[in-house]
Amino acid sequence: PSTIVKKLFLAGKVVTLNQEIDYETAEEIALEYEVLCEHEVVVDVIEELLKEEEEDTEAMVKRPPVVCVMGHVDHGKTSLLDAIRDSNVIDREAGGITQHIGASVVEVNGEKITFLDTPGHEAFTAMRMRGANSTDIAILVVAADDGVMPQTIEAINHAKAAEIEIVVAINKVDKPSANVERVKQELTEYELIPEDWGGSTIFVPVSAHTKEGIPELLEMILLTAEVMELKANPERNARGLVIEAELDKGKGAVATVLVQKGTLHVGDSIAAGSSHGRVRAMMDDKGRRVKTAGPSMPVEILGLNDVPNAGEVFVGCENEKEARSFAETFISQGRVNMLADTKSKNMSLDDLFT
Ligand code: GTP
Ligand code: MG
């Protein structure tokens, strides 16, 4: 009662505890509290989920590393990934310029690695930042004939801000003009010092064209991941990030999401930013239909009622009502973009509401 009295007082209506108020005022207050109630339901759910996170150390199992490939435009990020997975994405790109984040999963010696390809063009800063924020390890691609360039430096800064490991891939070593030592020298200015120079950064000379150095690079990624002891609980409701999303005329909202915790199933109710729905179908990175997606897996999902923003968090919910409630709370909180100011690894669900 004191809260209501205070609220009315602040609104210019002086009332006492026993005084009757008119219907309109009462309605106004009631509506405000209804909103609060909904909000509290969501907060309860979040607390529940957080508790689950704290308690379930036993349910934590090894998960694949998520690796983003970053670097200056044309230094060969997509080519390197094409060489790794034996595909030719670069041929399908307009003007050979990557303009979105592509996710793919590669299996090396029976171990999975999830790669996010990011654009190097200067216009795509937000995507590089998102890439760094969603991953465990960054492969910094620097062309051996070109050296450190503006977006190389930008990528280093994103990776450092996101506190992720950096593995340097000096690419295009097949070129006659390649100068590996010069790249090493240039990178020392950014505190990336090779192990053979007394530092702690892994440098691997590679060529996407001849495939030289690629097995070593993959080995270094797995080694780095091993040391990081990456784990997640696959037994909980899924949670992760929207990598990209668009509206497809036939399919409706299509979102590529990266599952970070738990397992996402076809049929699950989910909220992603201010959109929600039930997962109608899921496709893995090779376009195959899948029924489930565990930690570190990128999947394309259908079934959201609206197109979420890239970088937003998605949460698996108990039912559609809860999912809608999450989405509505998100709207009422003003479309909080998680990645604008929060690091994914330090992110907790209550960040959604602060
Ligand atoms: P953005 O995504 O637009 O930033 O470019 P990117 O870093 O993905 O570069 P991309 O893979 O599109 O390659 C750019 C150009 O460099 C292409 O013409 C490739 O054929 C060439 N290239 C990539 N890797 C190598 C390499 O190892 N050796 C040589 N000689 N050329 C390479
Ligand atoms: Mg590219």
> Regarding the range 187-305, what whole-number volume in Å³ per residue does the convex hull of its Cα atoms give?
Replying inline: 172
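Looking at the chain, which longest stretch skips every one of the trypsin sites (Lys or Arg not before Pro) that is in a DSSP loop with at most 12 other Cβ atoms within 10 Å, leaving the sites themselves out?
For trypsin sites (Lys or Arg not before Pro) (loop position, at most 12 other Cβ atoms within 10 Å), the longest site-free span of the chain is 1-248.
List the relative contact order of the range 244-322 as a percent without decimals, with contacts defined as Cα pairs under 8 Å and 6+ residues apart.
40
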>> On a 1.4 Å probe surface of the protein chains, which of Ser275, Ser87 comes out largest in accessible area, and what is the full order?
In response: Ser87, Ser275
> Using every alpha carbon pair in the range 179-243, what percent of pairs falls into each 10 Å bin from 0 up to the bin containing the largest distance?
Replying inline: 16, 33, 29, 17, 5
> For the chain, what are the DSSP H helices with axial Cα length of 24 Å or more and mean Kyte-Doolittle hydropathy of at least -1.0?
Replying inline: 23-55
> Stokes-Einstein at 4 °C, 1.567 mPa s, Kirkwood radius from Cα pairs: D for the chain in µm² s⁻¹?
Replying inline: 59
> Top to bottom by accessible area (1.4 Å), largest first, where do Thr57, Thr118 land?
Replying inline: Thr57, Thr118
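Provide Thr329, Thr16, Thr256 ordered by accessible surface of protein heavy atoms (probe 1.4 Å), highest first.
So, going from the largest accessible area down, we get Thr16, Thr256, Thr329.
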> Along the charge dipole of the chain, Cβ charges K/R +1 and D/E -1, which of Ser87, Pro295, Ala161 sits furthest on the positive end?
Replying inline: Ser87
> If you place +1 on the Cβ of every Lys and Arg, -1 on the Cβ of every Asp and Glu, and leave all else neutral, what size is the dipole of the chain about its Cα centre, to the nearest 20 Debye?
Replying inline: 840
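Of the cross-linked pairs Lys286/Lys321; Lys6/Lys321; Lys112/Lys286; Lys261/Lys291, which ones have a Cα-Cα span greater than 22 Å in the structure shown?
Cα-Cα > 22 Å for Lys286/Lys321; Lys6/Lys321; rest within.
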>> I'd like to check one number: the per residue accessible area of the chain, probe 1.4 Å, reported in Å² as a whole number.
In response: 50
> Percent of accessible area on the chain owned by carbon and sulfur, 1.4 Å probe?
Replying inline: 50
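Taking DSSP loops as anything outside H, G, I, E and B, show the longest stretch in the chain free of GluC sites (Glu not before Pro) there with at most 13 other beta carbons within 10 Å.
For GluC sites (Glu not before Pro) (loop position, at most 13 other Cβ atoms within 10 Å), the longest site-free span of the chain is 21-162.
The values are calculated or read from the model by the stated rules, or taken from the named source; none is laboratory data. Quick caveat, the model's predicted, so the values are computed rather than measured. Ideal geometry is used to build each Cβ from the backbone, glycine not excepted, and the neighbour counts take in all protein chains shown. Just the protein is used for accessible areas: all its heavy atoms, side chains included, with ligands, DNA and RNA removed. Shrake-Rupley method; radii C 1.70, N 1.55, O 1.52, S 1.80 Å.
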